[in-house]
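Student: One structure, pasted below without further comment.
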Amino acid sequence: MSFGPVIEELIQALRVLPGVGQKSAQRMALSLLEGKPQGSFRLAESLSLALGAIGECKGCRTLTESEFCPICMDGQRDQKTLCVVESPSDLIAIEQMHQFNGVYFVLKGSLSPLDGKGPAEIGIPALLDRVRDLDVREIILATNPTVEGEATAHYIAEIFSHEKVLITRLAHGIPMGSNLGYIDGSTLSHAFSGRKPVLDES
Ligand SMILES: [Zn+2]
């Protein structure tokens, strides 16, 4: 059955959320519209407000409401240790371990040539600038344990192989194909503290 073009549009719009298929989007749309609850207006308003107010940190490229995010502004953080992640939600997962005191660089996803995502698209030139500007000593590759994430980590390790910087990768134990943002804190914490230099493996 069809609900009419306005509801259909809302259903399709909800499908931008990760993991939301047609059925879940339908359920969400109907629940948002039923009785036009106050909460739905609040959702619409706060989304619109957030889209207008939030931009990219000029340092690490995570989402922020000001020019630089609180992590980049924090003088206590170790600017020589740089953790590379695929997305702001991965950065948050690592921050929630309360174990890492360095700074970040947020890629725009991972290398995926079939989807037209090459080094420039995910931000490798900006990563090179950040490593140089901060005179980074260790780069921790915390890309996701997916085929694309592994390829991206390998690519970055190659780029810096002739530079005086230690490249480490999170230890195994993170299930292949998973996303850092979704795994439990203790597994992530374990993988983080057990990180290994990348070049030792080859
Ligand atoms: Zn930042």
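What follows draws every value from the coordinates through simple rules; no lab data is involved. The structure displayed is predicted, hence computed values, not measured ones. We place every Cβ from the backbone using ideal geometry, glycine too, and count neighbours over all the protein chains shown.
Student: Which residues, counting only those in region 135-154, are out of contact with any Leu (no Cβ under 9 Å at 6 or more places or on another chain) and of a type in the set (A, V, I, L, M)?
Tutor: Within region 135-154, just Val147 meets the criteria.
This table checks each residue for (1) over 19 Å from Ala153 (Cβ atoms); (2) crowded, with 17+ Cβ neighbours inside 10 Å; (3) of a type in the set (Gly, Ala, Ser); (4) away from the ligand (no atom under 16 Å from the Cβ).
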| position | (1), (2), (3), (4) |
| --- | --- |
| Gln26 | yes, yes, no, yes |
| Leu33 | yes, no, no, yes |
| Phe68 | yes, no, no, no |
| Asp74 | yes, no, no, no |
| Glu86 | no, yes, no, no |
| Val103 | no, yes, no, no |
| Val106 | no, yes, no, no |
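Residues checked against (1) outside any loop (DSSP other than H, G, I, E, B); (2) closer than 30 Å to Arg130 by Cα; (3) free of Cβ contacts under 8 Å to residues at least 24 places away in the same chain:
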{"position": "Lys23", "(1), (2), (3)": "yes, no, yes"}
{"position": "Leu51", "(1), (2), (3)": "yes, yes, yes"}
{"position": "Ile71", "(1), (2), (3)": "yes, yes, no"}
{"position": "Gln76", "(1), (2), (3)": "no, yes, no"}
{"position": "Thr81", "(1), (2), (3)": "yes, yes, no"}
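Student: Can I ask one more? Quick check, is Leu10 touching a Lys or Arg at 6+ places or on another chain (Cβ under 7 Å), more than 18 Å from Gly181 (Cα to Cα) and not charged (D, E, K, R)?
Tutor: No: the conditions fail for Leu10.
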